[in-house]
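Some notes on the structure that comes next.
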Amino acid sequence: MTGGSLPGVDVREATLADVDALVAILVEVAGEGRWIGTEAPVDTERRRQRMAEDVERADAIVLVAEAGGAPVGELGLHLARYGVAELGMAVAAGWRGRGVGRALLAEAIDRARAAGAHKVALQVWPHNAAAIALYERFGFEREGYLQRHYRRRSGELWDAIIMGLRLD
Ligand SMILES: CC(C)(COP(=O)(O)OP(=O)(O)OC[C@H]1O[C@@H](n2cnc3c(N)ncnc32)[C@H](O)[C@@H]1OP(=O)(O)O)[C@@H](O)C(=O)NCCC(=O)NCCS
């Protein structure tokens, strides 16, 4: 499956010039408190450093989705030595539901395959119906379930679904 191209949205590899904007998206999505592992308040300096390292590392791929010249979404892949590409992604709230996630994920799967990965893997909260639907649309399967696994800053323990897309 491919995501097709969305008019006005361009997916490309991130550069160091994108780091601030990508961390800003992360901070915004973390602030929603429901979708990603990262929670507010985000240590932005540390995240900028990590994002810059990821942009430059040979074993990571950072993609940015740009609309009207501004980043509106991001996707990171970490390529483990044993052949699995770990994926995380986020689209700015105002841009959801317009194909940005689909465009990012299609490109990421192509890149993971080109990098020699045999699988793309991720974890998602069970309540994140939009993300689960997106992943399943691309053929990801539910491979496992972590019960009361992640402690949130509130003290709550959240479950997570492990999903994988086999590329071999
Ligand atoms: C999950 C997320 C990345 C999806 O990105 P998006 O740009 O909104 O998704 P798209 O518009 O490309 O939609 C692609 C597919 O995802 C699914 N989808 C997206 N939003 C959905 C929703 N609200 N409900 C159900 N399915 C949805 C659909 O299958 C859709 O395909 P369709 O348009 O052909 O029906 C986005 O909602 C997001 O960034 N959420 C907050 C951060 C997050 O959850 N990250 C993932 C953590 S695991």
| task | Mind checking the full-extension length gain between Arg113 and Tyr145? Use 0.36 nm per residue of separation minus the Cα-Cα distance, one decimal, nm. | result | 9.0 nm
| request: Compute the FRET efficiency between Ala133 and Asp10 as 1/(1 + (r/R0)^6), taking r as their Cβ-Cβ distance and R0 = 30 Å, and round to the nearest 0.05. | output: 0.80
| request: Would you calculate a helix-derived [θ] at 222 nm for the chain, using -39,500 (n - 2.57) for each DSSP H run of n ≥ 4 and dividing by the full residue count, to the nearest 500? | output: -9500 deg cm²/dmol
| Using the Kirkwood radius built from alpha carbon pairs, what does the Stokes-Einstein equation give as D for the chain at 25 °C and 0.890 mPa s, in µm² per second? | 151
| task | Convert each backbone phi in segment 151-168 into a coupling constant with the Karplus relation 6.51 cos²θ - 1.76 cosθ + 1.60 (shift: θ = phi - 60°), then list the ³J(HN,Hα) values in order as whole Hz, x for Gly and Pro. | result | 7, 8, 4, 6, x, 5, 10, 9, 7, 9, 9, 8, 10, x, 10, 7, 10, 7
| field | Radius 15 Å from Cβ of Trp158, net charge of other residues (Lys, Arg +1; Asp, Glu -1) | value | +1
| note | In debye to the nearest 20, the charge dipole size for the chain, taken about the Cα centre with +1 at each Lys and Arg Cβ and -1 at each Asp and Glu Cβ, equals 420
| message | Full-extension gain between Arg81 and Ala24, please, as 0.36 nm times their residue separation minus the C-alpha to C-alpha distance. | response | 17.5 nm
| request: For the chain, with all protein chains present and a 1.4 Å probe, just round the carbon and sulfur fraction of the accessible area to a whole percent. | output: 48
| Fully extended, how many nm does the chain gain between Leu167 and Arg153 (0.36 nm per residue separation, minus their Cα-Cα distance)? | 1.5 nm
| message | I'd like to know which of Gln147, Val62, Ala121 lies farthest towards the positive end of the charge dipole of the chain, counting +1 on Cβ of Lys and Arg and -1 on Cβ of Asp and Glu. | response | Gln147
| field | Cα-projected label distance for Gln123 with Glu39, points at 7 Å along beta-carbon direction, nm | value | 1.4
| task | Could you do me a favour and compute the accessible area per residue for segment 57-159, 1.4 Å probe, result in Å²? | result | 51
| request: Quick one: compute the contact order of segment 10-168, relative version, from alpha carbon pairs under 8 angstrom and 6+ residues apart, as a percent. | output: 18
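The values are calculated or read from the model by the stated rules, or taken from the named source; none is laboratory data. Remember, it's a predicted structure, so these values are computed and weren't measured experimentally. Don't worry about glycine lacking a Cβ; one is built from the backbone with ideal geometry, like all the others, and counts go over all protein chains shown. Ligands, DNA and RNA are excluded from the accessible area calculation, which covers all protein heavy atoms including side chains. Shrake-Rupley method; radii C 1.70, N 1.55, O 1.52, S 1.80 Å.
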